[in-house]
Ligand SMILES: [Zn+2]
C-alpha cells in the first residue's frame, strides 16, 4: 500500500514541524512568564511543502495535556512571489511557472513562499 506509506511520511513531516512550533512556544512561555496563549499564528509558504491541515492535525494531537491545549493555531498561507533578475519586475508566481511575465526571463529569485515560521503569539490580557 504505497499510498498509505506516503501519507504516513507526510504526516510525520508536519508532526515534526508541529512539535518544533509547540516546543518553541512552550520555551517562550517559560522564559517570559507569559499568560495563557490564546493564539499561535504561523506563516507557511507555498514552497515549504507543508500541508496546513496535516499541520493542524499534528498540532492538535500533541498539545493535549500541555498549557497549549486550548490554544488556537492560525495558519497564514503565503503565495510564491518572484523577482526577475533581468528587469526587476516583482510578481506572484502562478501554478509554479517560474518565468517573468514582463520579459519572459527565467532568471527569477523567490522573494516569498519559503516561509515556515511563527508570525506572532496572542496571549490573554
Ligand atoms: Zn523580467
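The values are calculated or read from the model by the stated rules, or taken from the named source; none is laboratory data. Only a predicted model underlies this, so the values are computations on that prediction, with no experimental measurement involved. Counting neighbours? That spans all protein chains shown, and the Cβs are built from the backbone with ideal geometry, glycine included.
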**Study point:** Residue list for the range 82-114, restricted to those being assigned to a loop (DSSP other than H, G, I, E, B), more than 11 Å from the ligand (Cβ to nearest atom) and touching a strand residue (DSSP E or B) at 6+ places or on another chain (Cβ under 7 Å)
**Key:** 93, 98, 113, 114
**Study point:** the range 77-112 - residue that is on the phi > 0 side of the Ramachandran plot and modelled with pLDDT under 95 and, of those, surrounded by the most Cβ atoms within 10 Å (Cβ to Cβ)
**Key:** 96
Revision key, fill the gap. Condition set part of a strand (DSSP E or B) and out of contact with any helix residue (DSSP H, G or I) (no Cβ under 7 Å at 6 or more places or on another chain), scope the range 63-76, selection surrounded by the most Cβ atoms within 10 Å (Cβ to Cβ): answer is 74
Point to revise | Any pair with Cβ under 6 angstrom, 6 or more apart, that starts in the range 92-109 at a residue that is more than 19 Å from residue 47 (Cα to Cα) and ends at one that is within 11 Å of the ligand (Cβ to nearest atom) | key: 101/91; 102/87; 102/89; 103/86; 103/87; 105/84; 105/86
Exercise for review: Pick out the one residue from 62, 75 that is more than 16 Å from the ligand (Cβ to nearest atom) and over 10 Å from the mean Cα position of the chain (by Cα).
Suggested key: 62
Review point. Out of curiosity, is residue 56 free of Cβ contacts under 8 Å to residues at least 24 places away in the same chain, within 17 Å of residue 121 (Cα to Cα) and under 12 Å from the mean Cα position of the chain (by Cα)?
Key: yes
